[in-house]
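This report concerns only the one structure given below.
The values are calculated or read from the model by the stated rules, or taken from the named source; none is laboratory data. Quick caveat: nothing in here was measured; it's all calculated off a predicted structure. Here Cβ is always computed from backbone atoms with ideal geometry, including for glycine, and neighbour counts include all displayed protein chains. With ligands, DNA and RNA removed, areas are computed over all heavy atoms of the protein, side chains included. Shrake-Rupley method; radii C 1.70, N 1.55, O 1.52, S 1.80 Å.
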Amino acid sequence: YFVSNRTGGTGSDDIYSFSMNLKPVCGMVTDSMTGQGIDKAMVSFLAKDGFNEEVLSDADGAFCLYIRPGREYLVEGSKEGYIKFQNLSLIEAGGKPVERITMLPVNGIELDVTVSTTEGAKIANATATVMDMGGKTILQKNSNAEGFIQLDMPPGKQYLLKISKASATGNGMFKEYSTMVSTIGLPLNQKLNIAAHLENTGAVSTGPIPEIYFDAGSSEISAEGRQQLDKVIGLMQDFPASELEVNGYADMQEGGKNADEISVQRVLACLSYFENRGIDKKRFIAAGYGNKKPKKLCPSPALCTDADRAANRRVEFVVLKVSGE
């Protein structure tokens, strides 16, 4: 709520209210060596668009805060006596219910991991999991845009390190990387380095990615369409050298010059969505075909069903190139 004497009110000072689309994110801050909760740790969610939220954990190490969904956040955990925790986290439109933050007391063993393909391309958002010999997960973090992961390892033990990555589209699975890591006998503040090369299984499809569809006469991207575009973005991030063809289409009732214009507008709407999320527009080849290449053929506009017309109002994506090719 806020009070204002702005023009258009009913009195001298009026009370106004507004709401924001925020989602709760709750989790725990724990000591990576003891598993106990850490109280009064500062938890921060930092977004690229400047939206930041922070909160202190309670006596049990629990925290809750409200953030805007649909963004990638740098999650940080900090407290005196502990090494700062940092990890990237994508908060989906439906919200992410739990974020676990594990922090190592000062004087642990730092393990720096660089994740790349066998061709040398860095892999973002690969998941590194550290497990003890009993199979219990001790640490888990994702690689940043440069394929880098910093893990704070407890001293005096032997661990299994696993690194995995699957494309957001379901295409392009990588073989899991695993290796043993020992901190037995290492002095405190020792730094270890591992270069993890993940082999692509070759499962990337060079065929079309599922289309997105539009309302009649509109180039506005629907919520379902945004979900499909996010999958395309996942593919582009998985394969930094990949390039796509983006093709726009209209239905027969959007005929003539208007069909050409609306098909181009639909393509431009998708390209703008990609660019706003950090994907370089130079990686796309785009074209609008109007109603010249219908997915559903109709003898005439009058004989097209609503379902046929809806299927023709679309944007399609074709993978032209993937990383390493």
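Nearest 5 is fine: what % of DSSP beta bridges in region 219-318 come out antiparallel, could you say? Percentage antiparallel, nearest 5: 45. For the pair CYS26 and ARG277, the difference between a 0.36 nm per residue extended length and the Cα-Cα distance amounts to 87.8 nm.
For the chain, modelled as a GNM whose springs connect Cα atoms under 10 angstrom apart, the maximal fluctuation among GLU80, GLU199, GLU54 occurs at GLU80. Karplus-based coupling profile of region 32-45, in residue order and whole Hz: 5, 8, 9, x, 7, x, 10, 8, 6, 8, 7, 10, 10, 10, with θ = phi - 60° in 6.51 cos²θ - 1.76 cosθ + 1.60 and x standing for Gly or Pro. In the set (1) 21.0; (2) 22.9; (3) 24.5, which value of Kirkwood radius over Cα pairs in Å was calculated from the structure you see? Label of the calculated value: (2). The modelled label-to-label distance for the pair SER300/GLN190, using points 7 Å beyond Cα in the direction of Cβ, is 8.3 nm. The relative contact order of the chain, computed from alpha carbon pairs under 8 Å that lie at least 6 residues apart in sequence, is 13 percent. Strictly greater than 18 Å: what percent of every Cα pair in region 17-76 meets that? It works out to 39 percent of all Cα pairs.
Once the Cα-Cα distance is subtracted from the 0.36 nm per residue extended length, the VAL318 to GLN158 segment shows a gain of 53.0 nm.
Database remark: amide H of ALA62 closer than 5 angstrom to the amide H of VAL29 (H placed geometrically; neighbours at sequence offset of 5 or more, or on other chains; Pro and chain starts carry no H). Given R0 = 41 Å, the distance between the Cβ atoms of THR179 and ARG68 translates into a calculated FRET efficiency of 0.60. Test of understanding: in a Gaussian network model of the chain with alpha carbons linked when under 10 Å, which of THR114, THR129, THR34 would top the mean-square fluctuation ranking? Answer for the Gaussian network model of the chain: THR34. In this structure the chain gives 52 Å² per residue of accessible area when probed at 1.4 Å with all protein chains present. Report in % the part of the accessible area of the chain that belongs to carbon and sulfur, leaving out ligands and nucleic acids; probe 1.4 Å. Carbon and sulfur: 49 percent of the exposed surface of the chain.
By the rule of a C-alpha distance below 30 Å, with chain neighbours fewer than 8 residues away ignored, the lysines paired with LYS79 are LYS23, LYS40, LYS48, LYS96, LYS136, LYS141, LYS157, LYS162, LYS191. Between ASP49, ASP152, ASP60, the Gaussian network model of the chain with springs among Cα atoms under 10 angstrom shows the greatest mean-square fluctuation at ASP49.
Computed over neighbours whose Cβ is under 15 Å from that of SER272, the net charge equals +2, Lys and Arg +1, Asp and Glu -1.
Helix content alone sets the calculated 222 nm mean residue ellipticity of the chain: runs of n ≥ 4 DSSP H residues at -39500 (n - 2.57) each, divided across all residues, give -4500 deg cm²/dmol. Cβ screening of the chain for cysteine pairs under 4.7 Å finds these without a partner: CYS270.
Potential lengthening of the chain between ALA307 and LYS136 amounts to 56.5 nm, from the contour at 0.36 nm per residue minus the alpha-carbon distance. Within straight-line reach of LYS321, meaning a Cα separation under 17 Å, sit the following aspartates and glutamates at least 8 residues removed in sequence or on another chain: GLU119, ASP238, GLU243, GLU245, ASP280.
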